[in-house]
Amino acid sequence: QAAWSSEGFGSHWVRSVSVDLNNDASLVIDIPDALCERDKVKFTVHTKTTLSSFQKPEFSVPRQHEEFIWLHDTIVETEEYAGLIIPPAPPKPDFEGPREKMHKLGEGESSMTKEEYAKMKQELEAEYLAVFKKTVQVHEVFLQRFSSHPIFRKDRNFQIFLEYDQDLSVRRKNAKEMFGGFFKNMVKSADEVLISGVKEVDEFFEQEKTFLLDYSSKIKDATAKAEKMTRSHKNVADDYNHISGALNSTAADNNTAFKKHLEKYAEVFEKLRKLEDRVASDQELKLTELLRYYTRDIQAAKDLLYRRARALADNENSNKALDKARLKGKDIAQAEENQKQCLQKFDKLSESGKKELTSFKARRVVAFRKNLIEMTELEIKHAKVRRLKCCVYHYMFTRQCSGSHGKPGNLREF
Amino acid sequence: MFLSRLRLPSSEIQSTLTCNGQSAMSGGCGRNPPPFPDNEDQEAELDTQVLDSDDDDDEGEDIFTGARSKPITPTSAPDEGDIFSEEGSYVRSDVHHATNGLHSDEELDLFTEATVELTLTNTTSQGRREIIGPTASACNTTRVPNSILKPSIVTKTMEELEEEESGDQFELNIAVTNPEKIGDGMNAYMSYKVSTQTTLPMFLNKTFSVRRRFSDFLGLYEKISAKHSLLGCIIPPPPQKSVVGMTKVKVGKEDSSSAEFVEKRRAALERYLQRVVAHPSLLQDPDVREFLERDELPRAVNTQALSGPGLLKMINRASDAVNKMTIKMNESDNWFESKLQEVENEEQLLRRLHAAVDSLVNHRKELCSNTVVFSKSVAMLGSVEENSALSRALSQLAEVEDKMEQLHQQQAFSDFFILAELLADYVRLLGAVRCCFEQRMKVWQRLQEAQSTLQKKREAEAKLLWANKPEKLQQAKDDINEWESKVSQYERDFERVTCTVRKEMLRFEKEKARDFKQHIVKYLESLLHTQHRLVKCWEAFLPEAKAIA
């Protein structure tokens, strides 16, 4: 039932997880608008381009999450791109949390005052909006990774995704059934094989393997812990909300001076809540989202290593087959051809893989730097605002109207 | 003008805090805050003009100097020079305001002509006693209005009662410190040092201290209650017994939860005593004086009845009895009836608040542990990171998060001791208020019964007259006289109780408002402290983040 339009915020929604990917004006993609109806989110993918391969210089198409997944899977399955890090697929939009809360709120409506209900509803809407913003961002970055990559941006399927103004899901069904699931499983179980199996010839890749495996588990862990920490912050904010709500809930006919005080205190706690909330959501955006994204990106880098490892294995097998053929004196030409192809593929993968992994390093460092700086600046800002607000309220509550007896509380050592 | 009195403010701080009148309204005395990088955060609401100048704080040295981290920490070594130098004493920010101060307008207009002094103190190794300003006492100050020393029975108007309250002021400060475990095993108990500092002439010395145990406090309550509750006084309830808490201590469990329990109890005992001596009649009670002064007190027995649940049951029975009284007594009943209703509503509200604050404390503790766990995880990530600058930044981040955890811990401490305990205290105090109302009911009941007995005696006399039995007449006349004097005695009693209860309510409400305000102020101070440290932590980290390359 709820339909939110994100009109306008896509452009100044700071892309926190990756450096600004819209550097190249020849192909600029963004998601300026999205509509959320029940389960489905419809993203408006907007493209501006000077490339002649496109039919128009500017156009928009509606896309749903599944179509993004189709694009991802199709790219993954393209042999040619085996030596590239495939941008990780965006996670499915998950409104389950706020939706469940909304449901609980509806059930508990009778047990709370109208003001409380309105306030909680407002907060839930804000939460919904936050999830919404996040999912738009992550889908947008996904596309921008393609558009900013010299090879991917030329991909035919990518262009279809951007341009084709009909629903893509029809084309997609077969592809998934045939390749998608099977392929993914293969890749996942290759993890152990990679670690134990192939002997690495190249120092660079040996180091990368060690690094990526280790880093991957650590960043996954850090992501989970960050999520828990953020949730605690939100719980504290909720508690401030309940306190402020209780303070405001004194009977309407109770006009004591004390009640007036309580209302003032309620104001304090309401402000505290807002600030705590903001800290929590900024932390989520700058830190947790960053960690989440790079957990996925690390996985994509690992996938590249798997593919290369497989190519290496293929290469070795083809060498063995060639030797056997020579021994037997049969099918030598075929074996030679096979071996040549395997070697070529392996070399190509290694060369492109090295480039990709090197630029991945740089990209990661830049993104971390940007986010850590932004997060720190926000923390400082929020703490300062909170400090000042406390100061203001402190002053308010201790100020006396008549001169000489003004003896406010001791703002002791800070 | 809003002045800071401590040295070392940088010019920026001066300008923020000494802004007067209109200039502050125009955003920080002419300074423009630097723009923030993120557009999205412009949504951050800064609803007062003053708040736009938040960037101007603390560029150099701060007004917020001082290194002491924990607001309330029990220390072990007493310093005999100043009995209040131990951290254990509960320092109420002292507010000597005119009695009507609470009802004055407290608008959001911050810059009217009020003259206020922001008193800032430095940490010293002696603790927190250095206060710049004329106030000598940082602790609980009791005022002993002269009028109470000569009780009058005439019903006073509200205004007259209010005026009486602002009588002469004497000083009496109490601290409960140095919990010590005496003995071993299940017979062990905690002994607390009760220190008094006073100028009141009724005490033998100006400064003295004794050691007391928990049952002594309960014994004091029993004695006070027996004497004063009949008069309609609101008797502060003692802290609750806790079998679980004490058992842990007895058994010798040296963990943080038993330390917390002892601190909680110590603070509760201190507040209890402070409330007792803040009550003008109770302060005059020789039992109270004895409790404070006498070296050895006889062991209080029969304190089982005063254990937490027992006391609560008593109080609840009292309220039931009061609720059953539906007969109106006289005109002032409206006042009593509506007051009682107010009290009951308030009690419910405070219970609800307490539950919410409890939840806050728990969640804050959760935040602590989650932060620590996260910090470790970030440290691990940093150790694996191949880029050396990023690796360093990540391990610095882990350290920052560690510091965060400490700050959250402190804040949880404040949440509990400043807010939760205040609310818990007042829930129990409101129960005591209800007891007080019940007392008045009892007195009235007694009067009613006496009146009806008198009526019966009169009827008996009339019957005798009619039956013409002169020998029994004298007896009947004697009876009537007896009951007439009883009735008039009980009438006086009832009037006195009514007057006392009204006065008590007034005093209680004033004290409650003051108490709450002081605690909120204290809470704000604790938040200020925490936020300040937060700013420092993150500001130290920022260059590390920027150094990533």
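Quick one: net charge of A:THR135's neighbours, Cβ under 9 Å, K/R +1, D/E -1? Provide the component values of the computation, followed by the final result.
Values: positive: A:LYS92, A:LYS133, A:LYS134; negative: A:ASP94.
Summing Lys/Arg as +1 and Asp/Glu as -1 gives +2.
Treat every Asp and Glu Cβ in the stretch A:1-167 as -1 and every Lys and Arg Cβ as +1, leave all other atoms uncharged, and give the resulting dipole magnitude about the Cα centre to the nearest 20 debye. Let's see the in-between values first.
Numbers: 20 positive and 29 negative charges, 55 e Å.
So the magnitude is around 260 debye.
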Averaged over all viewing directions, the convex hull of the alpha carbons in the stretch A:222-403 casts a projected area in nm² of 16.2
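Would you please give the FRET efficiency between B:GLU491 and A:GLN122, computed as 1/(1 + (r/R0)^6) with r the Cβ-Cβ distance and R0 = 45 Å, to the nearest 0.05?
Working: r = 58 Å, r/R0 = 1.29.
In this case the efficiency is close to 0.20.
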Using alpha carbon centers only, the stretch B:391-405 is separated from the stretch B:415-479 by a whole-angstrom value of 69
Expected integer from the mean partner chain Cβ neighbour count at 10 Å over B:334-345 is 1
Partner shielding of B:535-544, taken as the mean number of other chain Cβ atoms within 10 Å, equals 5
In terms of the charge dipole of the stretch A:59-132, which places +1 on Lys and Arg and -1 on Asp and Glu at the beta carbon, the residue among A:TYR81, A:ALA118, A:GLN64 farthest towards the positive end is A:ALA118
Under the 7 Å Cα-to-Cβ spin-label approximation, B:ALA467 and A:LYS154 lie apart by a distance in nanometres of 12.9
In nanometres, the difference between 0.36 nm per residue of separation and the alpha-carbon distance of B:ASN481 and B:ARG514 is 7.0 nm
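Can you tell me the relative contact order of the stretch B:168-220? Whole percent, Cα pairs under 8 Å, sequence separation 6 or more.
Values: 82 pairs, mean separation 16.7, N = 53.
Value for the stretch B:168-220: 32 percent.
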In whole Hz, the Karplus estimates of ³J(HN,Hα) for the stretch B:204-214 (6.51, -1.76, 1.60; θ = phi - 60°; x where Gly or Pro) are 5, 10, 8, 9, 7, 8, 9, 10, 9, 10, 4
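Tally Lys/Arg at +1 and Asp/Glu at -1 over every other residue whose Cβ is under 11 Å from the Cβ of B:PHE494; what's the total?
Numbers: positive: B:ARG440, B:LYS442, B:ARG446, B:ARG492, B:ARG496; negative: B:GLU491, B:ASP493, B:GLU495.
Around B:PHE494, the charge tally is +2.
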Projected onto their principal axes, the Cα atoms of the stretch A:1-167 stretch, largest extent first, over whole-Å spans of 61, 31, 29
Quick calc: nm separation of the 7 Å Cα→Cβ label points for A:LYS361 and A:ILE332 -> 4.4
Between the alpha carbon centres of the stretch B:253-298 and the stretch A:281-299 the gap in Å comes to 52
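If you take every residue apart from B:LEU282 with its C-beta less than 12 Å away from the C-beta of B:LEU282, what net charge results, scoring Lys and Arg +1 and Asp and Glu -1?
Values: positive: B:LYS223, B:LYS227, B:ARG275, B:ARG289, B:ARG507; negative: B:ASP285, B:ASP287, B:GLU504.
Residues close to B:LEU282 contribute a combined charge of +2.
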Expressed in nanometres to one decimal, the distance between label points 7 Å along Cα→Cβ at B:GLU290 and A:ASP347 is 10.5
Partner lysines whose C-alpha sits under 16 Å from that of A:LYS225, ignoring same-chain residues fewer than 8 away, are A:LYS234, A:LYS286, B:LYS365, B:LYS376
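Need one value for A:258-266: mean number of C-beta atoms belonging to other chains within 10 Å of its residues' C-beta atoms. Provide the component values of the computation, followed by the final result.
Details: counts 9, 3, 4, 7, 6, 0, 4, 6, 0.
Partner-chain Cβ atoms within 10 Å, mean over residues of A:258-266: 4.
Read-outs: derived from the displayed coordinates by stated rules, not from any lab. Everything quoted here is computed from the prediction, not taken from an experiment. As a convention, Cβ positions derive from the backbone with ideal geometry for all residues, glycine included, and neighbour counts pool all protein chains shown.
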